[in-house]
Amino acid sequence: MSKQQNTDDQMITLVDENGNEQLFKELFTFDSDDWGKSYIFIYPAEQENDDSVDIQAYIIADNQDGDGEDLVPIEDDKEWDMVEEVLNTFLDNDGNFKA
């Protein structure tokens, strides 16, 4: 998916393969030395005030044109376990994000 950074604080527009755009808020990013990659957690902007949100995680990779970044799905189970473990360190017992 193509990532376009908005001027709004931590807002990202994702464009799917059909050209459809959806606005997301960035929860946080982190780098993994073990995997040599950067990751991002995002959630749909329209869910910002909801009791629960659908948090999504992606690998941040330079796009093929070299003029931006793409968000790449995490497909390796061990890599996904590591990403999920990082997210869980920021969630309390009720699943709420704690900064």
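The values are calculated or read from the model by the stated rules, or taken from the named source; none is laboratory data. The model shown is predicted, which means the values in this text are computed figures rather than measured ones. Virtual Cβ from ideal backbone geometry, glycine too; neighbours counted across all protein chains shown.
Of everything in segment 36-67 that's without any contact (Cβ under 8 Å) to a residue 24 or more places away in the chain and hydrophobic (A, V, I, L, M, F, W, C), which residue is surrounded by the fewest Cβ atoms within 10 Å (Cβ to Cβ)? Going through the qualifying residues, I end up with V53.
Among residues of segment 68-94 being within 17 Å of D33 (Cβ to Cβ) and over 13 Å from the mean Cα position of the chain (by Cα), the one that is surrounded by the most Cβ atoms within 10 Å (Cβ to Cβ) is E79.
Where strands (runs of 3 or more DSSP E) fall wholly inside segment 1-48, the ranges with 2 or more residues that are at pLDDT below 90, more than 23 Å from W80 (Cα to Cα) and of a type in the set (S, T, N, Q) are 2-5.
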